[in-house]
Amino acid sequence: MVHNMKITPSRAWLILLGLQAFLGLVIFRDFLSGAANFAYIDIGSDSYAQFVPYAMHMARTIAREGFTGWSFEIGLGSPTAWMLGDAFTLLSQIAGPDNVLPLRIWVYLLKIVLGGTSFFVLIRYYVTRWETAVIAALAYSFCGFVVINGQWDPEATEFIFFPLILWAIVRYLRTRDVLALPVVLAVSLIAGVFFVAVGVFLLFSCVAFIVTSSEPRAMFKTWLTQMVPLTGIGFLLAAPHLLPVILQMLDSPRVGGGQALFQKLWQQGLSVNDWPLVLAEIGGIFHKDIFGIGSAYRGYWNYLEGPEFFIGVILFLGIPQLWNGSASDRKTLLIALAAIAAYFIFPVLRYSAMGFAAPYFRVSTLWITLILLMLAARALDRVIENGVDGRLLAIGVGGYAILLILVLGGSMGANVWKPHAAKILGLTVFAGALLWLAQRKVLSARLLPLALLGAVVVETVLVARPSYVEGRALASPQLRAYRDATLDALRAIREIDKGIFRIEKTYDSASLADALAQNYMGIKSYFFHGSGVVDFNIGVRLIAPTPARANVNYTNWLPNAGSRFMLNTLLGVKYIITREPVHWPGFVAVREERDYQIYRNEMALPLGIVQTKQITRSTLSRLSSLPEPTAKIYLDIAIINAVVVENRIPERGDLFDLDDLLRSGVVELQDRYYEPAKALQETGLRIEQFSSDHISGTISPVKPGILVFSIPYNQGWSLKIDGKDTPLIRANFGMLAAPVQAGAHTVELDFRLPGQRAGALIGALGLVLLALRRRSNKALDSRQSPG
């Protein structure tokens with residue numbers, strides 16, 4: 001395509017980067033000055049209570065041990081392949097854990113710059129004017145998707161790479177460059193873009209290229225024979241990172257268990273959205289803030305999960321101008337508008353982006369943003385080259401007004417935040433007037449690009465800045481919850497005790513991610529948990545089984561054991577940090593300060609114990625007939641005295657007599673709790689070496705039994721007893737265990753992230769296939785070249 005450049009390419013880049021920097025300074029001045037940290041404690045609290053603690057934890061772990069693949073600071077323990085999934089988070093860790101929070105705004109700004117420049121690279125293929133590319137890229141840099149969903153860190157990564165994936169596709173179709181698409185796909189997957197979302201995006205991109213092509217059959221053949229193999233190579237190249245993530249996902253109840261919603265959401269996806277939801281989606285065209293900012297959001301789902309399609313007022317009003325383009329432009333416009341309408345009506349198009357694992361909008365809204373902006377850029381190109389068509393301008397303004405009236409006057413009207421609606425109305429009048437002046441030639445063709453660019457800048461400041469700061473609960477520098485009295489208490493504990501043990505708190509500093517933010521082994525956690533720890537929590541009745549809970553993500557939030565002192569003992573909780581006195585059997589006060597108190601659990605068990613009695617899950621199920629508080633007491637006694645197994649394991653302990661326990665009526669703690677706990681302490685694991693992925697020590701059971709760890713079961717763990725490989729089993733609902741003989745034994749536990757070795761081999765295969773593909777492509781080109 002021949003470009004009619006009115007400014008040089010290098011100047012266009014400088015203008016884009018300069019305007020991104022200017023808008024960044026204006027919009028984020030509170031965060032850049034240090035007056036506030038770029039994190040929230042309102043509806044966007046994941047930024048403060050999840051993503052920052054994750055980054056802090058990984059910064060400490062990598063500096064101390066490297067990437068181990070497992071963490072004991074994620075509840076009772078979990079693999080961390082998922083946690084390493086956003087390469088940009090690593091940038092926030094370069095100055096250490098204590099500086100993750102202040103660095104977060106700079107990483108976010110980098111994502112905005114990279115996202116805008118990636119769209120700039122893409123849109124150059126579709127426009128003739130560099131001014132158009134700059135305007136569209138600037139609008140993308142601060143579109144509603146990144147302003148809202150980008151606060152949820154992984155979404156801002158997809159914001160960067162989706163345009164680059166499209167660019168790589170177009171590049172191959174035009175130049176037959178076999179490197180761009182596989183490399184961009186691999187980098188995007190390694191950088192943290194959700195692989196299911198990438199797959200769905202590629203599928204929809206394939207359909208889009210075919211239906212908008214002048215030769216659909218030829219395009220279909222190209223995708224089938226050339227693009228699909230290249231995308232496959234891209235996924236193979238990413239396998240060293242991708243395979244461990246997939247295996248971790250498959251171990252989650254949300255994917256492979258009771259919370260796997262694929263079939264349910266697939267069936268629902270073919271239904272039709274209800275009218276209020278359609279109105280909420282239409283409202284997203286005017287920016288999600290039309291339904292309120294932050295916790296005041298009153299749309300569907302919450303602030304980070306509702307629909308978001310805002311690309312700017314003036315660009316949206318200009319889309320109908322594309323009708324004056326070529327026949328291909330008109331065809332593309334009609335197909336794109338039909339696709340957007342289908343998205344608004346049929347939920348399957350958004351469910352698919354999340355792999356049918358949750359009914360959210362999130363990344364699927366980026367599809368609409370890209371479609372709208374690409375249409376707007378093509379239309380804007382025509383406006384700058386040929387002027388404004390008054391009839392089409394009236395259609396644009398009228399259509400926009402009708403959509404706004406639908407939102408204001410429909411069933412979602414009561415949820416509308418009136419100040420934002422008034423702002424949108426004012427911007428519509430302003431944008432319409434500017435385009436009308438251009439149509440009347442009052443605004444010269446030479447000044448029109450500058451005026452359009454200025455309009456985008458004004459819209460960005462007026463819409464984006466309030467969304468970040470107005471009515472938001474910011475994590476100010478004075479709010480140092482991560483650095484509350486807990487850190488003093490932790491230092492005090494470590495001064496008096498150098499052992500390996502768990503610590504818990506009766507209050508929260510960073511929601512359920514306290515252990516990650518404050519560097520200790522605990523129980524509670526907020527994470528994408530595996531089946532072992534979830535099954536344990538369900539088994540001991542810390543969380544309800546699936547049918548009793550409506551929230552599809554409830555396995556993300558796992559609590560601590562609370563006041564269940566025997567359960568704390570079983571899990572190795574040796575110290576409790578509290579702000580109020582506690583009176584739990586076996587817990588003694590060891591320190592009292594103004595802001596905290598520390599209690600030591602004299603009964604706390606080591607991470608591995610040898611139980612010489614067994615009880616089956618079916619036997620324990622009889623407790624369900626008792627009142628819940630009573631059932632929990634008997635359950636806790638049972639698992640202090642016996643290991644829970646699916647079926648009895650012969651010659652590894654007698655069966656625990658639950659009937660005798662129930663007949664006793666009055667629970668004697670001395671016989672039922674103190675004495676068994678003391679015996680388990682004496683024969684349990686004495687740790688000699690401890691790290692995230694390696695534990696070694698000794699045990700000394702006096703009878704044959706089952707060695708059970710308070711470590712969630714995962715395929716990555718391997719066990720050696722007396723230097724011999726020993727198969728691991730699941731016990732205590734979801735914990736690592738293995739049968740053992742009486743006597744003294746050495747024990748070694750090692751963790752290797754599942755999929756690492758196979759992923760490396762698959763990645764190497766991808767490199768070989770890419771090299772072969774490039775070689776064959778060069779050979780084909782040389783045969784086809786003249787002479």
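The values are calculated or read from the model by the stated rules, or taken from the named source; none is laboratory data. Because the structure is a prediction, the values reported are computed rather than measured. Virtual Cβ from ideal backbone geometry, glycine too; neighbours counted across all protein chains shown. Ligands, DNA and RNA are excluded from the accessible area calculation, which covers all protein heavy atoms including side chains. Shrake-Rupley method; radii C 1.70, N 1.55, O 1.52, S 1.80 Å.
Just to be sure, is Q715 open to solvent by 70 Å² or more (accessible area, probe 1.4 Å), in a loop (DSSP other than H, G, I, E, B) and not aliphatic (A, V, I, L, M)? When the stated conditions are applied, Q715 passes them. Exactly one residue among G96, G144 is of a type in the set (G, A, S) and surrounded by fewer than 23 Cβ atoms within 10 Å (Cβ to Cβ), and that residue is G96.
Is it the case that segment 685-694 has a residue that's more than 40 Å from the chain's Cα centre (by Cα), open to solvent by less than 20 Å² (accessible area, probe 1.4 Å) and under 24 Å from G532 (Cα atoms)? The answer is no, given that none of the residues of segment 685-694 is more than 40 Å from the chain's Cα centre (by Cα), open to solvent by less than 20 Å² (accessible area, probe 1.4 Å) and under 24 Å from G532 (Cα atoms). Have a look at T175, T157 and point out the one that is open to solvent by 20 Å² or more (accessible area, probe 1.4 Å) and out of contact with any strand residue (DSSP E or B) (no Cβ under 7 Å at 6 or more places or on another chain). Just one listed residue meets the conditions, T175. Selection within segment 283-317: residues that are open to solvent by less than 10 Å² (accessible area, probe 1.4 Å) and under 17 Å from P347 (Cα atoms). The member of this set that is modelled with the lowest pLDDT is G306.
Yes/no matrix, rows are residues, columns are (1) open to solvent by 30 Å² or more (accessible area, probe 1.4 Å); (2) within 30 Å of Y634 (Cβ to Cβ); (3) modelled with pLDDT of 95 or more:
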{"site": "A489", "(1), (2), (3)": "no, no, yes"}
{"site": "K505", "(1), (2), (3)": "no, yes, yes"}
{"site": "Y520", "(1), (2), (3)": "no, no, yes"}
{"site": "H529", "(1), (2), (3)": "no, yes, no"}
{"site": "A561", "(1), (2), (3)": "no, yes, yes"}
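Per the listing I699, I706, the residue uniquely in contact with a His (Cβ under 8 Å, 6 or more places away or on another chain) and surrounded by 20 or more Cβ atoms within 10 Å (Cβ to Cβ) is I699. Do we find that R391 is free of Cβ contacts under 8 Å to residues at least 40 places away in the same chain and more than 30 Å from the chain's Cα centre (by Cα) in this structure? Taking the combined requirement at face value, the residue satisfies it.
Test V184 against the stated conditions and say whether it is surrounded by 17 or more Cβ atoms within 10 Å (Cβ to Cβ) and in contact with a helix residue (DSSP H, G or I) (Cβ under 6 Å, 6 or more places away or on another chain).
Yes, satisfied.
One residue is enough: does segment 100-116 have a residue meeting the conditions buried (at least 24 other Cβ atoms within 10 Å of the Cβ), closer than 30 Å to A63 by Cβ and modelled with pLDDT under 95? Yes, segment 100-116 has at least one match. Residues in segment 649-706 that are part of a helix (DSSP H, G or I), of a type outside the set (A, V, I, L, M, F, W, C) and in contact (Cβ under 8 Å) with a residue 40 or more places away in the chain: Y673, Y674, K678, Q681, T683. Per the conditions (1) more than 23 Å from the chain's Cα centre (by Cα); (2) within 21 Å of L685 (Cβ to Cβ), the sole criterion not satisfied by A489 is (2).
Checking each residue in segment 373-407 for being out of contact with any Pro (no Cβ under 9 Å at 6 or more places or on another chain), within 26 Å of G299 (Cα to Cα) and surrounded by fewer than 18 Cβ atoms within 10 Å (Cβ to Cβ) picks out G398, A401, I402, L403, I405, L406. Here L626 fulfils each of the conditions (1) touching a Phe, Trp or Tyr at 6+ places or on another chain (Cβ under 8 Å); (2) buried (at least 20 other Cβ atoms within 10 Å of the Cβ) apart from (2). Checked against (1) among the aliphatic types (A, V, I, L, M); (2) open to solvent by 30 Å² or more (accessible area, probe 1.4 Å); (3) within 26 Å of the chain's Cα centre (by Cα); (4) within 30 Å of R730 (Cβ to Cβ), L516 meets all criteria but (2). Only one of the numbered conditions (1) surrounded by 17 or more Cβ atoms within 10 Å (Cβ to Cβ); (2) in a loop (DSSP other than H, G, I, E, B); (3) in contact with a Phe, Trp or Tyr (Cβ under 8 Å, 6 or more places away or on another chain) is not met by R600, and that is (2). Being small (G, A, S), open to solvent by 10 Å² or more (accessible area, probe 1.4 Å) and either modelled with pLDDT of 95 or more or assigned to a helix (DSSP H, G or I) (or both): is that true of A589 here? Judged against the criteria, A589 is a match.
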